[in-house]
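Visitor: Below is the structure I would like to discuss, written out as structure tokens.
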Amino acid sequence: MTALRSIDVSKVFEDGFTALADITLSIEPGEFVTLLGPSGCGKTTLLKIFAGFYEPTTGRIEQDGKDVTNAPPEKRDTAMCFQSYALFPHLSVAENIEFGPKQNKVNRDERLTRLNDLLRQVDLEQHRHKLPNKLSGGQQQRVALARALAMRPSVVLFDEPLSNLDAKLRESVRREIRGLQREFGFTAIYVTHDQSEALAMSDRVVVLNGGRIEQIGAPEEVYQRPDTAFVADFIGSANLLPFQRVDDHVVETALGRLTVSGPPDDAAGFLCWRPEHAEYGVTEGDNVVNAAVSELAYQGSYTDLHISPPGVPDQRLHWPGPASGVSDQVTFRLPPEHIRFVRGKLG
Amino acid sequence: MNWRRTLLIIALLTPGLGVIVIMIGSVFYVAVMQSFGFYNLVGEESFSLEHWQKVLDSKQFSRALRYSAYIATVAAIGSVTLAYPIAIWLRRPFRGSLVISALLKAPLFVPGLVASFLFLNVIAFHGIVNQFMMWIGVTDAPIRLQNDRGAWGVVFLQLWKNMPFALLLLTGAVQSISDEVLDAARDLGAGSFARFRKIIAPLTVQAMQAALIIIFIGAAGDFAFQVTAGPTNVQSMAQYMVFLKDSFGRWNQAAVVGVSLMVLALCGSLVLAVLSRALLRSGNRW
Amino acid sequence: MVEIAATETATATKPKNPARKVGLLNRALMVLLLTVVTIWLVVPFTMAVLWSLVDPKTGWEYPDLLPPSLTILRWVEVWTTTALPQAIANSYMLAPTVAVTTLILASPTAYCFARFDFPGKGFAQVLTLLPLVVPGFVLAIFFSSLIFSLGIYSRFLSILMAHCVLFLPYAIRIMTVSFGQVRQDLIDAARDLGARPIAVFRAAYMPALLPGILASLIIVFIQSIEEFAIAFIVGAPNFTTIPSILYSYLGYNFIRPNAAVVSLILVVPNVLLMLGLERLLKSANPAQAGGKG
């Protein structure tokens, strides 16, 4: 049985804006699913539909096989972690955590057990009587997490919970969330626009764009085998290149004739390859490209090179080593197994 | 802090704050001294409790005190009670919400005497209220509604004038609560009443107290509504004070009433402030 | 026709649409509210206008729903036979003087609150609210007592002083917000570019202050025009203002048509000014100017 399911869900706001169109998505119990996409892609709207803050314009939501489409948030077995933490500013840490259990008439002993356990788990025991504004951002985030978990929800919904934290802290809270998820076994739906967060944390990534699902898959899958130009570009950096089909294994592009491993679906379209897949030191054979370097930027572990083939966007390469080793011309090989055909195009 | 800076701050504060403190302070001083027999415009000056005794013994005074306290309490609590649901309703803008809040706040800018006059027209013999009551058959002939003994007219006017003020303060406070905080409360199982009691009310308690206090003080010192629309068998504190001053220039006794009115305003606002906080406390303890 | 049929089927297929439910609720509440507001504002003001136009020959008595005939005779009569013109002159001379004086008195204190930190600042800010918490008539009566004993006999000057004190809290509050909005980086930039104090003031202060200055002037002006207690107690009987005239028609001898005329003269200019103020506050910052004590 699925933990949470959306069936043909769409959402049109009162001003006529279509935030979501025909979203069908099944989430397994205990799974960590990330909704990834740029701002305005509908990921938060979908999360709020799961939570019950919005009701879908069409379609249904099921939780554990039961239809909950019209159930308000206070009646759903979900708990949410908000972007701004949304802690109650007039209540202490302990009172914040106890709020949910009290509303749901959990008895006192059980409540205190949960409170004390959670305070220990998120390492806030010495702060239990403080007001939220006396805590650091990371601590506030952990209170918000504990407050959601105090409900013992089967599903926890995260709305960009790390976006207000600095980079170092982000990583540790990230680990903490995964740790708690393993310990409590809740199903997690996690909204983010940060692809590295999505790749690092998820069992599955759902890439959304313009209110539609672009691709669903494990992190390696969406990174290594993007289905669409959008996914390729949004996750990591990818080079997109228009092609003309020559035969089942050869295409014509702005970088010259390239051998590919599988036949393209169409006579023309886009292919993509990743900057780190270029091979250097090969000067003969298939797929060897020689081009002038138009721009370079030292990045520490590699140097980012741009080449500017005529009529297409700049193509980027990761040159292993410092900028000083780069000459005016670069020669590299594109391995056929790393060239992928993608649907759609950018913009 | 060096002395030049101190001097500069004092110099800057003098024309504004300084003038306020000196003027209000001396008015207060004059009132208190007059109530004890000093600062007489005519006759001897000497300390005496006679004026206090005379006023406190009079039936008129105790009725005025009780009446003003009653009107002020009803006006303060009534206005805030009416304003809260509207403020929550108007928290998030929707089509037409700006027009509605502007219309609701309009009475703020209608002077008290004009409000009285408008009200007197509506409840007059051939005013719309009487006409309506006759039309639906409640009564055969128009009823005299002006200066009713139960002071319903004054209460209505107080609410008409003060509800918009409470709404102004509460709307600002309610709007400053973030959507996510209220969503979080919902998500954790709080229904709409629980959200009001445990989140909205505690987070807006300062605005609520400010509204209660300012409305209470204004209504306790009311003169215009009472003289024009109030019952004729009882006087408000301000009316009684003016009456004492005007009839035979009983300034000292007027001063006693004035000081009492200030004490009433102070005590009333303290009680309301403490009470509203205490109520919330008990609400938060579950 | 086609469109209507389409919407109907659409509605039929999703009977439970919460967004529409909320929309409907809001619309119902709005209709209810507009009705209430009509009773609350439109009817009373219409009746006031009608009363000011009642023909004295035919009158307006029970059971007429509307006056039998209308005329502007009342307006002419009130204007020519009563002290109203003098009262209008008094009010409209007093109010601008009060507005300007209050602004001048308030600005240094507001500047100090906005740009300095000093011990006891919170307490000082609360103290500025004093005039708002002293009941108006107590203030009026003992202020009049005070000026008698000080030997000040000019009614105009007395009311001016009292009004300034009474309305200083509003002006200080508004100007504090305005001075707070002056951006230090603009001041620094202007000085860095070699501007003299006057040029700094014009470049950095003026744009931020202007809405506040106008708002303060308008609010104090309106309040001064409307103020009754002090104008009545201190001014009576020699110095009449519009509210005291209105009071004389509402008090022991109740002359309804005259009161209607004076009410309208009192309210209409203020409403127009308020509309202007609304614009200003929107361009400045309404949330802050609204002010939590």
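Just so it is clear, none of the values below were taken in a lab; they were calculated from the coordinates. In this text, all values refer to a predicted model and were calculated from it rather than measured experimentally. Quick reminder, even Gly has a Cβ in these numbers, built from the backbone with ideal geometry, and neighbours come from all protein chains shown.
Visitor: Sum up the charges of everything whose Cβ sits under 10 Å from the Cβ of residue C:233, counting Lys and Arg as +1 and Asp and Glu as -1, but leave residue C:233 out. Show your work: numbers first, answer last.
Guide: Working: positive: B:245; negative: B:246.
In short, 0.
Visitor: Can you give the extra length, in nm with one decimal, that the chain gains between residue C:28 and residue C:193 once fully stretched, where that is 0.36 nm per residue apart less the Cα-Cα distance?
Guide: 53.5 nm
Visitor: Then there's this: Can you give me the three principal axis dimensions of chain B from its C-alpha atoms, in Å, biggest first?
Guide: Sorted from largest, the Cα extents of chain B read 78, 72, 37 Å.
Visitor: Here's another thing I want to ask about it. Mind sorting C:160, A:317 by how few other Cβ atoms lie within 10 Å of their own Cβ, fewest first?
Guide: Working: C:160 18, A:317 26.
Fewest-to-most Cβ neighbours within 10 Å comes out as C:160, A:317.
Visitor: In the Gaussian network model of chain C, springs joining C-alpha atoms below 10 Å, which of C:275, C:34, C:50 carries the largest mean-square fluctuation?
Guide: C:34
Visitor: Mean shadow of the range A:237-343, computed from the convex hull of its alpha carbons, in nm²?
Guide: Averaged projected area of the range A:237-343's Cα convex hull equals 6.4 nm².
Visitor: Take residue A:183, project a point 7 Å from its Cα along the Cβ direction, then tell me which residues of the range A:119-135 have their backbone nitrogen under 19 Å from it.
Guide: Those under the cut-off are A:119-129.
Visitor: What are the residues whose amide H is under 5 Å from the amide H of residue A:303, where those residues sit 5 or more places off or on another chain and H is modelled from the backbone?
Guide: A:319, A:321
Visitor: Here is a follow-up. May I ask you to list the chymotrypsin sites (Phe, Trp or Tyr not before Pro) in the range B:1-73 that are in a DSSP loop and have at most 15 other Cβ atoms within 10 Å of their Cβ? Kindly include the intermediate steps, with their values, before the conclusion.
Guide: Values: sites: B:3, B:28, B:29, B:36, B:38, B:39, B:47, B:52, B:61, B:67, B:70; in loops: B:36, B:38, B:39, B:47.
Sites meeting the loop and neighbour criteria: B:47.
Visitor: Additional query: Could you give the dipole magnitude of the protein assembly as shown about its Cα centre, charging the beta-carbon of Lys and Arg +1 and that of Asp and Glu -1, in debye to the nearest 20?
Guide: Around 3280 debye, computed over the protein assembly as shown.
Visitor: Collect residues whose amide H, placed 1.01 Å from N in the peptide plane, falls under 5 Å from the amide H of residue A:4; neighbours closer than 5 in sequence don't count.
Guide: The list, which skips near neighbours in sequence, is A:27, A:64.
Visitor: How do B:12-19, A:332-339 rank on mean C-beta neighbours within 10 Å, highest first? The partial results should precede the final answer.
Guide: Numbers: B:12-19: 20.8, A:332-339: 18.0.
The peptides rank, most packed first, as B:12-19, A:332-339.
Visitor: So what is the relative contact order for the range A:76-207, in percent, with contacts set as C-alpha pairs under 8 Å and at least six apart? Numbers along the way, then the final one.
Guide: On the way: 158 pairs, mean separation 44.0, N = 132.
This gives 33 percent for the range A:76-207.
Visitor: Over chain A, what is the relative contact order in whole percent, taking alpha-carbon pairs under 8 Å and six or more residues apart?
Guide: Normalised by residue count, the contact order of chain A is 16 percent.
Visitor: Okay, next question. Would you mind giving the mean number of other chain beta-carbons within 10 Å of the Cβ of each residue in B:255-266, as a whole number?
Guide: Partner-chain Cβ atoms within 10 Å, mean over residues of B:255-266: 3.
Visitor: Further, regarding this structure: Could you check the spin-label model distance between residue B:266 and residue B:135? Points 7 Å from the Cα along Cα→Cβ, value in nm.
Guide: Each label point is offset 7 Å from its Cα along the Cβ direction, giving 5.2 nm.
Visitor: Return the sequence-ordered ³J(HN,Hα) values of the range A:227-239 in whole Hz as given by the Karplus equation 6.51 cos²θ - 1.76 cosθ + 1.60 applied to θ = phi - 60°, using x for Gly and Pro.
Guide: These are the phi-based 3J(HN,Hα) values: 7, 10, 4, 4, 5, 4, 6, 6, 9, x, 10, 10, 9 Hz.
Visitor: Once you have the alpha carbon radius of gyration of the range C:83-289, what is it after dividing by 2.2 N^0.38 Å, with N set to its residue count?
Guide: Working: Rg = 19.6 Å, N = 207, 2.2 N^0.38 = 16.7 Å.
Taking the Cα Rg and dividing by 2.2 N^0.38 Å, one obtains 1.17.
Visitor: If you don't mind, there's one more thing I want to ask. Please report B:200, C:104 as a ranked list, fewest other C-beta atoms within 10 angstrom at the top and most at the bottom.
Guide: C:104, B:200
Visitor: Sticking with this one: Local charge sum around residue A:1 (other residues, Cβ-Cβ under 13 Å, Lys/Arg +1, Asp/Glu -1)?
Guide: Value of the local net charge: -2.
Visitor: Another question, if that's okay. Pairs A:105/B:105; A:75/B:105; A:11/A:134; B:245/C:57; A:11/A:345: which are spaced more than 31 Å apart, C-alpha to C-alpha?
Guide: Violating the 31 Å Cα-Cα cut-off are A:105/B:105; A:75/B:105; A:11/A:134; B:245/C:57.
Visitor: Turning to a different aspect of this structure: Be a star and scan the range A:312-347 for residues whose amide nitrogen sits under 12 Å from the point 7 Å along the Cα-to-Cβ vector of residue A:237.
Guide: A:314-319
Visitor: Can you pull the mean other chain C-beta count within 10 Å for peptide B:228-235?
Guide: Details: counts 6, 1, 0, 0, 0, 0, 0, 0.
Going residue by residue through B:228-235 and averaging, the value is 1.
Visitor: Looking only at the protein assembly as shown, where both bridge partners belong to it, what percent of the DSSP beta bridges are antiparallel (to the nearest 5)?
Guide: Bridges in the protein assembly as shown that DSSP calls antiparallel: roughly 75 percent.
Visitor: If we restrict to alpha carbons, what Rg and Dmax does the protein assembly as shown come to, in Å?
Guide: Every Cα atom of the protein assembly as shown included, Rg and Dmax give 36.4, 122 Å.
Visitor: Only sites in a loop by DSSP and with at most 15 other Cβ atoms within 10 Å count here; which trypsin sites (Lys or Arg not before Pro) in the range B:78-131 make the cut?
Guide: On the way: sites: B:91, B:95, B:105; in loops: B:91, B:95.
Of the trypsin sites (Lys or Arg not before Pro), the ones in loops of the range B:78-131 whose Cβ has at most 15 other Cβ atoms within 10 Å are B:95.
Visitor: For chain C, calculate the relative contact order in percent as a whole number, restricting contacts to Cα pairs under 8 Å that are 6 or more residues apart.
Guide: It comes to 24 percent, rounded to a whole number.
Visitor: Please sort C:236-243, A:297-304 by packing, taking for each peptide the average over its residues of neighbouring beta carbons within 10 angstrom, highest first.
Guide: Final packing ranking: C:236-243, A:297-304.
Visitor: Can you give the average number of partner chain beta-carbon atoms within 10 Å of each beta-carbon in peptide C:105-111, as a whole number?
Guide: 6
Visitor: Next question, about the same structure. Taking each pair of different alpha-carbon atoms in the range A:300-347 once, compute 1/r for the pair, average those values, and report the inverse of that mean as the Kirkwood hydrodynamic radius in Å to one decimal.
Guide: 13.0 Å is the Kirkwood radius here.
Visitor: Could you size up the charge dipole of chain A around its Cα centre, putting +1 on the beta carbon of Lys and Arg and -1 on that of Asp and Glu, and report it in debye to the nearest 20?
Guide: With only Lys, Arg, Asp and Glu charged at Cβ, the dipole is about 1500 debye.
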